1. Could you rank the peptides 38-46, 54-62 by their average count of other C-beta atoms within 10 Å per residue, with the highest value first?
2. Accessible area per residue for the chain in Å², computed with a 1.4 Å probe and the full protein assembly in place, what is it?
3. Mind checking which aspartates and glutamates have their C-alpha under 15 Å from LYS32, skipping anything on the same chain fewer than 8 residues away?
4. Give the angle, between 0 and 90 degrees and rounded to the nearest 10, that separates the Cα long axis of helix 15-32 from the longest principal axis of the Cα atoms of the chain.
5. Hey, if you drop one equal point scatterer on each alpha-carbon of the chain and run the Debye formula without solvent, what base-10 log of I(q)/I(0) do you get at q = 0.11, 0.22, 0.25 Å⁻¹?
6. From the phi of every residue in segment 46-57, what ³J(HN,Hα) in whole Hz does the Karplus formula 6.51 cos²θ - 1.76 cosθ + 1.60 yield, where θ is phi - 60° and glycine or proline is x?
7. Given the DSSP H assignment, sum -39500 (n - 2.57) over each helix run of at least 4 residues in the chain and divide by its residue total; what's the result at 222 nm in deg cm²/dmol, nearest 500?
8. Hey, any idea what % of the chain's accessible area is carbon plus sulfur with a 1.4 Å probe?
Amino acid sequence: SEIKLNNKKGIKIDHEIEEEIIEEIAKIAISKKIGARSIEGIVTEMFSDIEFDISDPDENYTELQISKETVTNPKKYTLKK
């Protein structure tokens with residue numbers, strides 16, 4: 001699977017990991033009884049540091065390693081070239 005981050009770089013994410021992340025976000029949304037806008041906030045916060053790092057024009061990352069822990073700890077990720 002591939003997602004577009006920063007509208008300019010394709011970063012690959014393992015499909016099984018995507019499912020785990022979606023499930024983790026859904027669990028948070030259900031437990032907090034929040035709607036779509038709040039879910040968008042969770043995702044935005046999760047990817048904010050990642051977006052900043054991949055926007056570096058001197059780097060060419062091709063893979064993003066994240067897990068369901070990244071949902072609650074947005075600094076827990078690895079970018080690979």
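1. Sorting 38-46, 54-62 by mean packing, highest first, produces 38-46, 54-62.
2. Per residue, the chain has 69 Å² of solvent-accessible surface.
3. Qualifying aspartates and glutamates at Cα under 15 Å: GLU23, GLU24, GLU40.
4. The helix 15-32 is inclined about 40 degrees to the chain.
5. Each listed q corresponds, in turn, to -0.29, -1.06, -1.29.
6. The phi angles translate into 4, 9, 5, 5, 4, 4, 4, 5, 6, 7, 5, x Hz.
7. On the way: 3 runs with 41 residues, N = 81.
That calculation yields -16000 deg cm²/dmol at 222 nm.
8. Roughly 48 percent, rounded to a whole number.
The values are calculated or read from the model by the stated rules, or taken from the named source; none is laboratory data. Please read these numbers as outputs of a predicted model, since none were measured by experiment. Neighbour counts are summed over all protein chains in view; Cβ atoms, including those assigned to glycine, are modelled from backbone coordinates with ideal geometry. Side chains included, ligands, DNA and RNA excluded: accessible areas come from the protein's heavy atoms. Shrake-Rupley method; radii C 1.70, N 1.55, O 1.52, S 1.80 Å.
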